[in-house]
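J.: What follows is a single structure, and I will ask about it in a moment.
Derivation of every value follows stated rules applied to the coordinates shown; laboratory data play no part. What you are looking at is a predicted structure, and each value in this text was computed from that prediction instead of being measured. As a convention, Cβ positions derive from the backbone with ideal geometry for all residues, glycine included, and neighbour counts pool all protein chains shown.
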Amino acid sequence: MRITKEKAAQNRARIVAAAARLFREEGLAGVGIDAVAAAAGLTHGAVYSHFDSKEALAAAAVSHALADSMAGWLALTEGLDERAAFERLMKAYVSRLHRDEPGAGCSIALLGGEAQRAGAPLQQAFKQGVEQMLSVVAMSGGKPLSAEQRASAIANVATMVGALVLARATIADRALSDEILKTVRTKLLALA
């Protein structure tokens, strides 16, 4: 039975959304095509009809997740001046809620360590995501950043991502994990 182009596009979107969530929850190595297919309510054949490989699916899933994150960041900061926008963004990112909900969290904090072992498509997805994060954190509106703006954005993004990674890595000691989040929020606010 042939499906319409519209239905095929809907199926592809379901596959990508399911993969984005599962990869963030379980890591790239922890999720197989069958799990993605099941989460999307489709067969593994349906997944392979859209993607040649797991890596191609991972690149699409990471791009999707990062685009969703950036849309959320822009909505969160809309209408705010630069300092207020950074404060709101940083408090949302470096938070217990973000730490505790990896399936809806930042792909870079969860999967970034796997990028260096990945192929070019996945590395490109991460690169584009990082560039988008830098642009949003610098409040550039997509305009080119000055060297100073870019340096500040890199320092802020790296600190925020690092804080989230450390907070998740130390979750067995909730007090330490919470301390990491609180300390980074306090220090970044003092520097803003």
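J.: With +1 on the Cβ of every Lys and Arg and -1 on the Cβ of every Asp and Glu, and nothing else charged, how large is the dipole of region 54-191 about its Cα centre, in debye rounded to the nearest 20? Spell out each step's value before the answer.
T.: Numbers: 15 positive and 14 negative charges, 37 e Å.
With Lys and Arg at +1 and Asp and Glu at -1, about 180 debye.
J.: In what sequence do Ile15, Ile33 fall when counting other Cβ within 10 Å, fewest first? Kindly include the intermediate steps, with their values, before the conclusion.
T.: Working: Ile15 26, Ile33 18.
Listing Ile15, Ile33 from fewest to most nearby Cβ atoms yields Ile33, Ile15.
J.: Take Thr183 and Lys91, extend 7 Å from each Cα along the Cα→Cβ direction, and tell me the distance between the two endpoints in nm.
T.: Distance between the two pseudo-spin positions: 2.2 nm.
J.: Could I have the simple spin-label model distance between Ser49 and Ala147, label points 7 Å from Cα toward Cβ, reported in nm to one decimal?
T.: Those two pseudo-labels are separated by 5.4 nm.
J.: May I pose another question? Placing one identical point scatterer on every Cα of region 1-65 and ignoring solvent, what is log10 I(q)/I(0) from the Debye formula at q = 0.11, 0.13, 0.16 Å⁻¹?
T.: -0.21, -0.29, -0.43
J.: Let me ask you something else. Quick one: angle between helix 5-26 and the longest Cα principal axis of the chain, in degrees between 0 and 90, rounded to 10, please.
T.: Tilt of helix 5-26: around 50 degrees.
J.: Further, regarding this structure: Could you put Arg174, Arg168 in order, starting from the residue whose Cβ has the fewest other Cβ atoms within 10 Å? Walk me through the numbers before you get to the answer.
T.: Values: Arg174 11, Arg168 17.
Sorted ascending by nearby Cβ count, the order is Arg174, Arg168.
J.: Would you work out which of Leu111, Ala13, Gly162 lies farthest towards the positive end of the dipole of the chain? Charges go on Cβ: Lys and Arg +1, Asp and Glu -1.
T.: Ala13
J.: Given the Cα atoms of the chain, and with Rh set as the inverse mean 1/r over their pairs in the Kirkwood sense, what is Rg to Rh to two decimals?
T.: 1.01
J.: Which trypsin sites (Lys or Arg not before Pro) in region 1-80 pass both tests, a DSSP loop state and at most 16 other beta-carbon atoms within 10 Å?
T.: On the way: sites: Arg2, Lys5, Lys7, Arg12, Arg14, Arg21, Arg24, Lys54; in loops: Arg2.
The qualifying sites are Arg2.
J.: Then there is this: Cα-Cα pairs above 18 Å in region 137-192: how many percent?
T.: Cα-Cα pairs of region 137-192 separated by over 18 Å account for 42 percent.
J.: Shifting gears a bit: At a Cα cut-off below 23 Å, give the lysines reachable from Lys187, other chains included and same-chain residues fewer than 8 away excluded.
T.: Lys91
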